[in-house]
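The values are calculated or read from the model by the stated rules, or taken from the named source; none is laboratory data. Just so it is clear, the model here is predicted, and its values are computed rather than measured. Cβ placement follows ideal geometry from the backbone for every residue including glycine, while neighbour counts extend to all protein chains displayed. Ligands, DNA and RNA are excluded from the accessible area calculation, which covers all protein heavy atoms including side chains. Shrake-Rupley method; radii C 1.70, N 1.55, O 1.52, S 1.80 Å.
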Amino acid sequence: MGVSKMTTFINKKQSTLLKKIMLQLIFLALSYLSVYIFSSKGYFYGGGDIKFHLSRITELTNAIQNHNNLLAPFSFSSFRNVGAVSQQFYPNITLLPFALLRIVFPHPLLAFYIGIIIYTYLGFIVGYYAMMRFTGNNVLQSVCFAVLFNFSVYHLTDIFNRFDIGEWIALSFFPLAFLGAYELFFRNWHSWYLAAIGLTLIAYSHVLSTLLALSVCFLFVIIACYCKTGDLHARAKAALKASLLTLGMTLFEIVPMIVLSVQNKIHFPRKYNLLRSPGGKLPDIFSFIGLCLKNQLNMSLGIFVLLIIIAGVIYWKKMPKLYQVSLGLTILFTVVTTTIFPWGLFQHTPVAVIQFPWRLLGIAAFFMALTGSWLLEYLCTTPFFSRLNFEWIVCVAILIAAFPGLCAAYSSHAYEVQTYQFIKHAKEENTHARFILPGKYYYSYFSNMNNTAAHTDYYPQKAYAQRYSILHNLIYKADGSTQRMPPFNFTHNHLSFKLYSSKKQLMNLPLLHYFGDYYELSVNGHVQQIRQSTRGTFLVNVAKGKNTIKITLKNKPYRTVLQLFALVLWLLTCFLLFKYKHTHKNLIS
């Protein structure tokens, strides 16, 4: 290669690298901007599920700092400190970055918002590279898809209005899971591992989102059977591999849920009326259109879904078949979140596990972004934009894709937060479902037990029936008197506290007891047989005077085995990815 050709080659490589860096900086800037709208004043905006998820983060933070069980914690540092197993019925893996950030940054508000920025950026990266793989490296369409999906109104509503961190994170991995499912059933079945990785990451974030993602994969199977795609035997074998790998990497989460449920009579979350959620009635189609036209953070897809449907109809004949199907699925999954679909017929069926039909908007947002990315790419390559170079076209497309979502976030922040209760001092209790808390009051505010999450799902049924005395941390004595639970230490999976008694007696502690040989109880160094009270809590015999009570949480060997098994499978998956990249480039390109 001559000197001039070598110089040209180097300059081209440097230019390409610079463009990639600029794109990442744009993604970072958009991630920061979406959070800045809410964080600029140093306030913490509470409501929806925020206290629940903050309690989960607090428990994980304390588990790391105090060397307690990290992946299957009993909640003695959150949820009123009564030892609930709520954490074990929710995935914890993708919440760990928030816990680590809480340790690195002592200011909890800063740690929380940095976590949101990181996951927003990760959502852009996942969406962009999934679409690059899907389209064969179409940069413009991939950028449009990443921004449209991650800045869709429902996606933003999930984190800044509902504060459902788990579902919001899970949605970020939808593009990877659906890309893998598409490759598996329609294109390159050798890429089955993408479906397994995507579904596993969703399962590490949110259980119901996993079920929704699996339902879309099942829909792909039906479409594939109808289209009679080739290599049926090979695709079925690859689908089995993906299923087994996903199962293997999530067993450490699934098995403890099953074991706890079998060993105990658990109070599971109540079923919601599918036609009425905590936010109000399910809208009819005209009310839904009205919500979209408002273009605020609500249970809709904002004005963009209407524009995409209209543009899709206009350019229907120019649209490739795949994107016509995508538009149809956008309309389908949008319409079924309204009263047009007879949800009442499914109230007493397994479908009711979805709780709220508007959860399907997460799927609709994916297909909306897929369709919208093609439309934007098509429109941005028309003669009207021909005078612009490619980099400027990408910037224009990003602005168009991001503008409605950012406007919805700003509009909701500017107007709706005026109805929130403003916490003026640390001792003030919030009397409104939504509140604004200055960052400087965070620790002192949540140190008040009444301001923390009183989550009673997954209590033993006997405990749930008497939950109020447990939530108020009341100890019942044999003589009928009561007292508050004293402060305790919870480190290295040992819960210890001192308790004074005027006489030798039996005490009923406000600490939940689950059957299954999870504990060891000792009083003043002497091991006692564990008994469960009539309210589903610990019974303990105390001596007259001061008593040192210690409850040790036992490690379950099967959990360690399953966790190691998942780790081995991840390492094996990474090895296979590396192997495929270097020996089967033609299969993964």
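Please report how far the C-alpha centroid of the range 438-459 lies from that of the range 151-206, rounded to the nearest whole angstrom.
If you average the Cα positions of each part, the centres end up 31 Å apart.
Treating cross-link reach as a plain straight distance, find the lysines whose alpha-carbon is under 27 Å from the alpha-carbon of K41, omitting any fewer than eight places away in the same chain.
By straight Cα distance, K41 reaches K51, K294, K424, K427, K440.
I'd like the distance separating the alpha-carbon centroids of the range 279-326 and the range 389-425, in whole Å.
19 Å
What is the percent carbon and sulfur in the accessible area of the range 460-553, measuring with a 1.4 Å probe over the protein chains and ignoring ligands?
52 percent
Go through the range 464-472 residue by residue and turn each phi into a ³J(HN,Hα) via Karplus (6.51, -1.76, 1.60, θ = phi - 60°); whole Hz please, and just put x for glycine and proline.
For the range 464-472, the Karplus-derived couplings read 4, 5, 10, 5, 5, 5, 5, 4, 8 Hz, x marking Gly and Pro.
With a ≥ b ≥ c the root eigenvalues of the C-alpha gyration tensor of the range 356-416, is it rounded (a/c under 1.5), prolate (a/b larger than b/c) or oblate?
oblate
Looking only at the range 130-174, which residues have a backbone nitrogen under 19 Å from a spot 7 Å from the Cα of T229 in the C-beta direction?
130-137, 174
Report the FRET efficiency, 1/(1 + (r/R0)^6), for R531 and S502, where r is their Cβ-Cβ distance and R0 is 30 Å, rounded to 0.05.
My answer for the efficiency is 0.85.
Sequence-distant or interchain residues sharing an amide H contact under 5 Å with N547, placed H: which?
Sorted by chain and number, the residues that satisfy this are L499, Y500, S501.
Restricting everything to alpha-carbon atoms, can you work out Rg to Rh for the range 72-228 with a Kirkwood hydrodynamic radius?
Checking Rg against Rh, the ratio lands at 1.03.
Using a 7 Å offset from the Cα along the Cα-to-Cβ direction at both Y32 and F384, what is the distance between the two label points in nm, to one decimal?
With each label placed 7 Å out from Cα toward Cβ, I get 3.2 nm.
If one computes the Cα centroid of the range 333-369 and of the range 496-574, what distance in Å separates the two points?
41 Å
Hey, if we sort R102, R133 by accessible area with the 1.4 Å probe, largest down, what's the order?
I get R133, R102, largest accessible area first.
In square angstrom, what is the accessible area per residue of the range 460-553 with a 1.4 angstrom probe? List each step's numbers first, then the result.
On the way: 4690 Å² over 94 residues.
Per residue, the range 460-553 has an accessible area of 50 Å².
How much length would be gained if the chain were fully extended between L240 and K318, taking 0.36 nm per residue of separation minus their Cα-Cα distance, in nm to one decimal?
So the extension gain works out to 24.4 nm.
May I ask you to evaluate 6.51 cos²θ - 1.76 cosθ + 1.60, the Karplus curve with θ = phi - 60°, for each residue of the range 553-566 and list the ³J(HN,Hα) values in order in whole Hz, giving x for glycine and proline?
For the range 553-566, the Karplus curve yields 8, 7, 7, 9, x, 5, 5, 4, 4, 5, 5, 5, 4, 5 Hz.
Contact order normalised by length for the chain, with contacts defined as Cα pairs under 8 Å and 6 or more residues apart; what percent is it?
18 percent
Between N273 and N450, what is the spin-label point distance in nm, taking each point 7 Å from the Cα along the Cα→C-beta axis?
Simple spin-label model gives 3.1 nm for this pair.
Sorted by accessible area with a 1.4 angstrom probe, largest first, how do H425, H53, H267 fall? Show your work: numbers first, answer last.
Numbers: H425 90, H53 5, H267 40 Å².
Ranked from most to least accessible, the order is H425, H267, H53.
Residue-wise, which Karplus ³J(HN,Hα) couplings in Hz belong to the range 422-431, taking 6.51 cos²θ - 1.76 cosθ + 1.60, θ = phi - 60°, and x for glycine or proline?
8, 7, 8, 8, 5, 8, 6, 8, 7, 9
Dividing the Cα convex hull volume of the range 138-207 by residue count, how many Å³ per residue is that?
Enclosed volume per residue, from the Cα hull, is 86 Å³.
Using DSSP to call loops (not H, G, I, E or B), can you name the GluC sites (Glu not before Pro) in the range 382-436 whose Cβ has at most 12 other Cβ atoms within 10 angstrom?
Answer in residue order: E429.
When the helices in the chain are scored as -39500 (n - 2.57) per DSSP H run of 4 or longer and the sum is shared across all residues, what 222 nm value do you end up with, to the nearest 500 deg cm²/dmol?
Helix-only estimate at 222 nm: -18000 deg cm²/dmol.
Accessible surface of M485 in the full protein assembly, 1.4 angstrom probe, to the nearest 10 Å²?
Estimated to the nearest 10 Å², M485 gives 30 Å².
Roughly what percent of Cα-Cα pairs across the range 444-589 reach past 26 Å?
Beyond 26 Å sits 43 percent of the P(r) for the range 444-589.
How much net charge surrounds F178 when only the other residues with a Cβ under 15 Å from the Cβ of F178 are counted, with Lys and Arg +1 and Asp and Glu -1?
Result for the local shell: +1.
For G47, which sequence-distant residues (separation of 5 or more, or a different chain) have an amide H within less than 5 Å of its own amide H, given hydrogens modelled in the peptide plane?
Here F435 satisfy the definition.
For the range 492-585, please report how many Lys pairs fall under 25 Å Cα to Cα, leaving out neighbours fewer than 8 apart on the same chain.
Qualifying lysine pairs in the range 492-585: 10.
Whose amide H sits under 5 Å from the amide H of F422, counting only residues 5 or more places off or on another chain, with H placed in the peptide plane?
Amide H neighbours of F422: I436.
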